[in-house]
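This report concerns only the one structure given below.
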Amino acid sequence: MIVIACGGLIAAVFVVLFRAWFVRQKAGLLADDTSTKASLLV
Amino acid sequence: MTDAPHQSREVNITRLIDDGPLTRFQIGVIVCCALVNLFDGADTQSIGVAAPFIADEFGIEIANFKWIFSSALVGATLGAATFGPLADRFGRKTLLIVATILIGIFTILTAFATSVPMLIAFRVLAGLGLGGATPCFIALTSEYAPARFRAALVTVMWAAFPLGGLTGGLLNSYLIPTMGWRAIFYIGGVVPLLIAVVLALFLPESIKFLLARATDTDAVRRIVARFRSPGVSPDARFVVDEEHLPGTPVRHLFTEGRMPGTLLLWVPFFMGFGILTVVTLWTPALLRLNGISAANTAFVVAFNGLGAVVGQSSAGRLIQRFGILPILLPGFLLGAAATVGLGYAASSVALAATFVGLVGLFLGFGTAGAIALAAIIYPTSIRSTGVGWVWPWAASGRSSPHGLRALCSARAGRLTAS
């Protein structure tokens with residue numbers, strides 16, 4: 001079960017990386033003032 | 001002239017949906033999607049419940065069922081990966097109806113199977129529909145939901161899957177002893193066919209999809225009149241705040257800076273679904289090894305489904321209120337901690353039920369939250385493709401327990417030999 005649980009830790013690391021990408025992408029879109037990806041703005 | 005959402009010559013559909021209230025029409029669309037998802041969940045678990053009875057009738061070992069179990073998973077993976085891009089090209093409604101008809105026909109045919117190869121073929125083809133429906137109903141829900149409720153509504157709709165598994169399990173435990181294993185597949189096949197008729201009659205095509213493809217302005221006008229404003233000006237022009245992305249939808253998952261997000265999202269899917277499947281498959285064996293009765297084992301496993309329903313239905317709402325990190329991060333970390341706890345609590349029914357429920361709850365947050373993100377980060381032109389292409393990773397995660405078991409067996413074999 002400890003080996004299986006490591007999967008949860010790996011997923012958590014990737015969630016942090018995803019969040020970093022998401023914030024950067026959102027900031028880039030706001031700076032560009034483009035409306036083509038308005039769906040990102042949640 | 002895009003300020004007023006309607007009555008003016010230019011109607012901005014993005015703002016009409018995002019800024020307006022959630023109407024009965026939109027709730028109807030989401031209920032239709034949840035209905036398909038509910039039967040998706042019920043159908044997916046039906047072969048597992050029927051397996052011992054099919055094995056008895058066919059005179060085969062239950063261990064040989066791994067190919068039959070895997071066949072539906074292979075079909076679902078292929079279905080999600082192919083129906084997603086097709087739904088971005090031909091429409092969510094059309095492909096959702098095709099997928100639902102496939103589920104119905106091949107689930108009924110499963111009841112007529114007389115050999116293992118026939119059973120495998122029918123489960124692959126039913127799986128094609130089961131997996132293919134997923135990107136269609138997630139995209140439709142996402143595209144009719146106002147932005148402020150989008151993640152919440154996608155995950156509430158997604159929670160219909162474990163709910164279908166739970167209710168289907170209860171129904172099957174009544175059907176099999178009274179009517180035999182074939183009854184599961186007769187009923188499980190006829191109901192999706194009836195749902196397909198309801199979808200054809202009442203479900204609208206995604207209005208954002210129609211505008212992104214610029215295919216049928218009359219259809220857009222009819223849908224707008226149904227869900228918001230009967231007084232739309234006859235010369236109104238409809239627009240959305242998104243551009244159509246030309247060419248192959250799959251390619252766009254990796255362009256315009258989307259590649260890191262696409263790749264980073266696939267890993268939590270693999271891990272989340274992998275752990276949930278390991279816990280569901282291995283908990284009964286773990287509990288039996290610790291001397292817990294079969295009846296109590298079924299009771300404990302039911303808590304996993306219950307936790308998953310609660311976690312998945314609330315994940316989106318919590319993400320919209322608190323953000324991605326405060327929900328998904330504890331979801332995966334506490335899910336991992338609860339998995340370790342389960343390993344040490346398997347001798348007590350109460351403790352095991354608690355930890356199994358917590359695994360379902362926390363990983364429910366994680367997996368449903370990841371699904372909501374997949375529906376949100378991609379624009380309309382590639383939304384179905386984006387959601388469909390996370391599915392092979394979820395399916396690989398669900399297959400990983402078999403690989404892990406083989407690895408453990410091989411290692412145990414080597415240790416015994418030495």
With the Cα gyration tensor of region B:297-356 giving a ≥ b ≥ c as the square roots of its eigenvalues, does the rule (a/c under 1.5 for rounded; else a/b larger than b/c for prolate; else oblate) give rounded, prolate or oblate?
oblate
Taking the simple approach of a point 7 Å from Cα along Cα-to-Cβ for both B:Ala298 and B:Ala219, what is their distance in nm?
4.6 nm
If you fit an axis through the alpha-carbon atoms of helix B:259-289 and take the longest principal axis of the Cα set of chain B, what angle between them do you get, 0 to 90°, nearest 10?
30 degrees
Which FRET efficiency value, to the nearest 0.05, do you get for B:Leu201 and B:Tyr174 by plugging their Cβ-Cβ distance into 1/(1 + (r/R0)^6) with R0 = 22 Å?
0.10
Roughly speaking, what is the centre-to-centre gap between region B:86-142 and region B:155-194 when only Cα atoms are used, to the nearest Å?
16 Å
I need the P(r) histogram for chain B: all alpha carbon pairs, bin width 20 Å from 0 out to the longest distance, whole percents.
26, 55, 17, 2, 0
Chain B: angle of helix B:217-227 to the longest principal axis, Cα-based, in degrees nearest 10:
70 degrees
What ranking of B:Arg9, B:Arg24 emerges when the number of other C-beta atoms within 10 Å of each C-beta is taken as an exposure proxy, fewest first?
B:Arg24, B:Arg9
Please list, ordered by chain and number, the residues whose modelled amide H lies under 5 Å from the amide H of B:Leu245; skip anything fewer than 5 residues away on the same chain.
B:Ser381
Assuming R0 = 22 Å, what is the FRET efficiency of B:Ala285 and B:Ser347, from their Cβ-Cβ distance, to the nearest 0.05?
0.95
Please compute the modelled spin-label separation between B:Arg226 and B:Arg24, points set 7 Å along Cα→Cβ, answer in nm with one decimal.
1.5 nm
Of B:Thr44, B:Ile324, A:Ile2, which is farthest on the positive side of the dipole of the protein assembly as shown, counting Cα position, with +1 on Lys and Arg Cβ, -1 on Asp and Glu Cβ, and the Cα centre as origin?
A:Ile2
Lys, Arg +1 and Asp, Glu -1 on Cβ, resulting dipole of chain B about Cα centre, debye, nearest 20
300 debye
Projecting each Cα onto the charge dipole of chain B (Lys/Arg +1, Asp/Glu -1 at the beta carbon, about the Cα centre), which of B:Thr385, B:Asn12, B:Ala212 comes out farthest on the positive side?
B:Thr385
Expected 222 nm ellipticity per residue - DSSP helices of 4 or more, -39500 (n - 2.57), all of the protein assembly as shown, to 500:
-27000 deg cm²/dmol
List the residues of region B:309-341 whose backbone N lies under 20 Å from a point placed 7 Å from the Cα of A:Val23 along the Cα-to-Cβ direction.
B:318-333
Taking each residue of B:260-267 in turn, how many C-beta atoms of other protein chains fall within 10 Å of its C-beta, and what is the average?
6
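No lab work stands behind these numbers, since they all come straight from the coordinates. Here the structure is a predicted model, which is why all the values come from computation and not from measurement. Neighbour counts run over all protein chains shown; Cβ positions are idealised from the backbone, glycine included.
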